[in-house]
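Reading through the structure tokens given below for one structure.
The values are calculated or read from the model by the stated rules, or taken from the named source; none is laboratory data. Just so you know, these numbers come straight off a predicted model, no measurement behind them. Note that we place each Cβ from the backbone using ideal geometry, even for glycine, and neighbour counts take in every protein chain shown. All accessible areas refer to the heavy atoms of the entire protein, side chains included, with ligands and DNA or RNA removed. Shrake-Rupley method; radii C 1.70, N 1.55, O 1.52, S 1.80 Å.
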Amino acid sequence: EFSRVVGEKFNANDYAKYSKLQMSQVVPVLIDLANKGFIAYDIEDELVTVKPRLMEHILSSAGKIDYDVLQFNSNSEDGVNGTINLLNNELALKGVSRIILSDSQDVKIFPAEKLVTIKKDRDFTFGGMVKAGKLSFYGKEYYFHYDPFIIDLLNVDSVSFYADSFEPEPNGEFTLVRVKNVLEKVTGTLEIDEPNNKSGIQTVMRDGKKYGRYPQYPKFNSAQESYVFYDRGDIQKGAYKRDKFYYKSDPFTIDSLDNFTNAGLTFSGTLMSGGIFPDIREPLTLQHDYALGFVRETGDGGLPLYGKKAKFANTLKLDHAGLHGDGDFAYLTTIAKSKDLYFTPDTTYGVADTLYNGAATSATMKVPNVHASNVFLRFEPAQDVLLAKQLEKPMVMYDGMAFLHGK
């Protein structure tokens, strides 16, 4: 049937009679169809020839064959929409503000400088932003492969994420919230959909409802290690410099980018804390403040702090407040308990609920016993200085025979 219709010729006058329209109404329609490649129209002979594109469009619209939604709309300010390189036949298109690769999988491209270079077989290269569901990629170089329907992430600066809000709005709906951290130095691929489902119309029925046949798409495959940095100025005043303090993520795959859950935003890897603690192997997950971080126990023995100058035990947290913990801080003969101590590469500080000094006094190292509650602490490892400052009551010294007001 397809081959019989393609190439068929008929007279425009006959089509006008069949449509019960005047020729003046029919001609603009035929010219528009010819411009779109559906037919060939000979104006002088008033002869119409059906092209393969017409039947492909009809069958794809009926869902009988796969198709794509790929369209390049050029709106160039200087009137030059495109330039073809006669050496390699590459077409540089200007004024392309947006390209929809898959509306069903929510994958869109926003080219940098509105420039796209189209290559053989509908492959093309570009820079700029790619939106894939809850992820946005920002980079200088991408390569879109049409047949396998994937994008190679050749030079991507960062990937940002959106998460579902933990609490609903007053109307009961959950909104999307931007995650405070981005993933940097990213390489890999973005799989848009099954290569035979570029249209995204293939569906299956489950429990009386219609679902996409391939809900696992889009997929983000990270090929090498990528990084999360915490050097923003609003995190401990920029104390975590990116050359020493960072999270190194293992290669990973995230699927269902348009509908993954908050729990799905998980990366395995290692925190390099710039000498605060030994390297910490712990998965990075979404925290309640919409930052990527973790909550982990140190174990009974605790973790050495700044080499072996001090020690911290109990619960360690990483989020948008930085690296902090709830537990016991020990330095020389001093032990302090705090619900929230903050650790930066050159300082540990926070409020201690209790402080004891002299607990480990021996015959060779006699120090005064000190007991305090609700004191401010600051430890500067490079100077080997521990500061304790009274916030309310004075510190009790020498078994109650003296009281220290101040620091």
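I want the local charge near residue 105. Using Cβ-Cβ distances under 9 Å, sum +1 for each Lys or Arg and -1 for each Asp or Glu among the other residues.
Working: positive: none; negative: 103, 106, 193, 258.
So the environment of residue 105 carries a net charge of -4.
Once the mean 1/r over all distinct Cα pairs of the chain is inverted, what Kirkwood radius in angstroms do you read off?
Working: mean 1/r = 0.0375 Å⁻¹.
Every distinct Cα pair counted, the radius reaches 26.7 Å.
Longest span of the chain, sites excluded, free of GluC sites (Glu not before Pro) in DSSP loop with at most 15 other C-beta atoms within 10 Å?
On the way: sites that count: 1, 8, 44, 77, 173, 225, 392.
The reported range is 226-391.
Report, in deg cm²/dmol and to the nearest 500, the calculated mean residue ellipticity at 222 nm for the chain, where each DSSP H run with n ≥ 4 adds -39500 (n - 2.57) and the sum is divided by the residue count.
Values: 4 runs with 35 residues, N = 407.
My calculation for the chain gives -2500 deg cm²/dmol from helical runs alone.
Greater than 29 Å separation of Cα atoms is the criterion. Which listed pairs, 134/311; 51/134; 140/317; 9/94; 119/140, meet it? If you can, show how the numbers build up before the last one.
Numbers: 134/311 40 Å; 51/134 40 Å; 140/317 34 Å; 9/94 37 Å; 119/140 18 Å.
Cα-Cα > 29 Å for 134/311; 51/134; 140/317; 9/94; rest within.
Suppose every Lys and Arg Cβ carries +1 and every Asp and Glu Cβ carries -1, with no other charges. What dipole size does the stretch 58-162 come out with about its Cα centre, to the nearest 20 debye?
Values: 11 positive and 14 negative charges, 35 e Å.
For this selection, approximately 180 debye.
Gap in Å between the Cα centre of the stretch 12-58 and the Cα centre of the stretch 212-249?
Between the Cα centre of the stretch 212-249 and that of the stretch 12-58, the gap is 54 Å.
What residues qualify as long-range amide H neighbours of residue 291, i.e. H under 5 Å apart, gap of 5 or more or another chain, H built at 1.01 Å from N?
180, 320
Compute the signed sum of charges (Lys and Arg +1, Asp and Glu -1) over the other residues within less than 10 Å, Cβ to Cβ, of residue 378. Display every interim value, and only then the final one.
Numbers: positive: 389, 407; negative: 380.
So the environment of residue 378 carries a net charge of +1.
With the other protein chains left in place, how much accessible area per residue, in square angstrom, belongs to the chain at a 1.4 angstrom probe?
Working: 21950 Å² over 407 residues.
The answer is 54 Å² per residue.
Would you please state the base-10 log of I(q)/I(0) at q = 0.19, 0.21, 0.22 1/Å for the stretch 236-368, with intensities from the Debye formula using one equal scatterer on every alpha carbon?
-1.11, -1.28, -1.37
Can you give me the Kirkwood hydrodynamic radius for the stretch 77-148, using every pair of distinct Cα atoms, in Å to one decimal? Numbers along the way, then the final one.
Numbers: mean 1/r = 0.0778 Å⁻¹.
Kirkwood radius, the stretch 77-148: 12.9 Å.
What's the center-to-center distance, using Cα atoms, between the stretch 117-173 and the stretch 321-399 in Å?
Cα centroid to Cα centroid, the span is 48 Å.
Please compute one quarter of the surface area of the Cα convex hull for the stretch 1-143 and express it in square nanometres. If you can, show how the numbers build up before the last one.
Details: hull surface 48.4 nm².
The Cα convex hull of the stretch 1-143, projected and averaged over all directions, gives 12.1 nm².
What number comes out for the charge environment of residue 79, summing +1 per Lys or Arg and -1 per Asp or Glu over other residues with Cβ under 15 Å away?
On the way: positive: 94, 114; negative: 77, 78.
That sum, taken over residues with Cβ under 15 Å, equals 0.
Under the Karplus relation 6.51 cos²θ - 1.76 cosθ + 1.60, θ = phi - 60°, what is the ordered set of whole-Hz ³J(HN,Hα) values for the stretch 394-407, x standing for Gly and Pro?
x, 7, 8, 10, 6, 6, x, 7, 8, 10, 9, 9, x, 9
Ordered by residue, what ³J(HN,Hα) values in Hz, to whole numbers, does the stretch 169-184 give under the Karplus form 6.51 cos²θ - 1.76 cosθ + 1.60, where θ = phi - 60° and Gly and Pro are x?
Going residue by residue, I get 6, x, 7, x, 8, 9, 9, 8, 10, 6, 5, 6, 9, 10, 9, 10 Hz, with x marking Gly and Pro.
Give me the percent of accessible area attributable to carbon and sulfur for the chain, probe 1.4 angstrom.
The C+S portion of the solvent-accessible surface of the chain is 52 percent.
If the stretch 291-393 were replaced by its equivalent ellipsoid, with semi-axes equal to the square roots of 5 times the Cα gyration tensor eigenvalues, what would those be, largest first, whole Å? Could you put the intermediate results ahead of the total?
Working: eigenvalues 108, 47, 33 Å².
Square roots of five times the eigenvalues give 23, 15, 13 Å.
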